[in-house]
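Notes to accompany the following structure.
Each reported figure results from applying straightforward, stated rules to the coordinates on display, with no laboratory input. On a predicted model such as this, the values are computed, not experimentally measured, just so you know. Because the Cβ atoms are built from the backbone with ideal geometry, glycine has one as well, and the counts that use them run over all protein chains shown.
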Amino acid sequence: MLTISPSSSTSRTGAPATRHALITVSIADGNSAFRDSLSQALARFPGVVIFDKCPNARTAAQALSDRPPRVLFASNALPDTPQWQLIETVRNLRLATQVIAVSDSDAVPDVQAAFRAGAMGYLLRSTPVSLIHQALYEVTGGGAPLAPSVARALVSSFSAPAAPTGLLADLSSREAEVLDLLSRGLRYRQIASSMKLSPDTVHSHAKNVYRKLNVRSKTEAAMIWLRNLSDGAGASRGLPEVAPAVA
């Protein structure tokens, strides 16, 4: 859910707000609800004009050719293309469009893959729209905007004692944290409270964990996690200390 901050043409003191050059924006994401909410939220800000909202890579590529925006929000959840292929397409078209990758994952390998494809920024779908709006000016001004948790994950990756290997390497930091808490015996609602997430979000992370580890239960997933803890893989994530659940 996007957090919408109100915009105004004047400051609280009555002075005119700083004027920025017009920024045209297109959005390519397979989730129609996210496309609509993001476009509606950004359209509230002065100086932002929404060009196209594309549900797949094919329509996005055509729209970019017809009228390239200054900024493209490109998702890794497009139904007709591999993860960041659309970003590579933009790069190959040699457009002046600045691309900001959008994902649910803050896993370092996913972030690195987006930048290798040609992205100049990386935000999460949960990023508040006020920060997304700020990212527009950062990326068009020569910066590389990052969601706070993504920036922290990248910094931590340089100081982590050992990167997780094998199946655990595919888990995002959120998924690893959910798995760690499940292995300690916490229930979904307890994990949701601890991580300040909704139970549905926790359940979604857990399903992703089971899929990536190719298991069918939290017991199997926890066994894989605990085996790797002895090798330091879980510790390198910097996971918080949480007391075990009491029966």
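Going 7 Å from the Cα of N31 along its beta-carbon direction, which residues of the range 187-221 have the amide nitrogen within less than 11 Å of the resulting point?
Hits in the range 187-221 for N31 at 11 Å: 201.
Near the amide H of D80, under 5 Å away, which other amide H atoms are found, from residues 5 or more places off or on another chain, if H is placed in the peptide plane?
HN-HN under 5 Å from D80: A57.
So which aspartates and glutamates can K53 reach, going by Cα to Cα under 17 Å and dropping same-chain residues fewer than 8 places off?
Within the straight-line cut-off, K53 pairs with D29, D36, D66, D80.
Relative to the present Cα-Cα distance, how much length would full extension add between R94 and R67 at 0.36 nm per residue of separation?
Extra length available between R94 and R67 comes to 8.4 nm.
Non-local amide H neighbours of F45 (under 5 Å, H modeled in plane, Pro and chain starts lacking H): which ones?
Excluding prolines and chain starts, which carry no amide H, there are no hits.
What list of ³J(HN,Hα) values in whole Hz, one per residue of the range 94-109 in order, does the Karplus curve 6.51 cos²θ - 1.76 cosθ + 1.60 (θ = phi - 60°) give from phi, with Gly and Pro shown as x?
Running phi through 6.51 cos²θ - 1.76 cosθ + 1.60 with θ = phi - 60° gives 6, 7, 7, 4, 8, 9, 10, 6, 10, 7, 8, 9, 10, 5, 4, x Hz.
Please state the Cα pair-distance histogram of the range 31-135 with 10 angstrom bins from zero: what percent is in each bin?
Computed distribution, short to long bins: 15, 52, 32, 1.
For a quick check: with amide H placed at 1.01 Å from N, whose amide H comes under 5 Å from G121's, ignoring anything fewer than 5 positions away on the same chain?
Amide H to amide H, under 5 Å and 5 or more residues apart or across chains, G121 pairs with A101.
Sort F158, F115 so that the residue with the fewest other Cβ atoms within 10 Å of its own Cβ comes first and the one with the most comes last.
Listed from fewest to most nearby Cβ atoms, that is F158, F115.
Per 0.36 nm of contour for each residue apart, how much would the distance between E220 and R152 grow if the chain were fully extended, relative to their Cα-Cα spacing?
Gain on extension, E220 to R152, equals 21.5 nm.
I need the phi-derived Karplus couplings for the range 179-184: 6.51 cos²θ - 1.76 cosθ + 1.60, θ = phi - 60°, integer Hz, Gly and Pro marked x.
Each residue's phi maps through the Karplus curve to give 5, 4, 6, 4, 5, 8 Hz.
Got a sec to turn the phi values of the range 27-32 into Karplus ³J(HN,Hα) couplings, 6.51 cos²θ - 1.76 cosθ + 1.60 with θ = phi - 60°, whole Hz, x for Gly and Pro?
Working through the residues one at a time gives 10, 10, 7, x, 9, 5 Hz.
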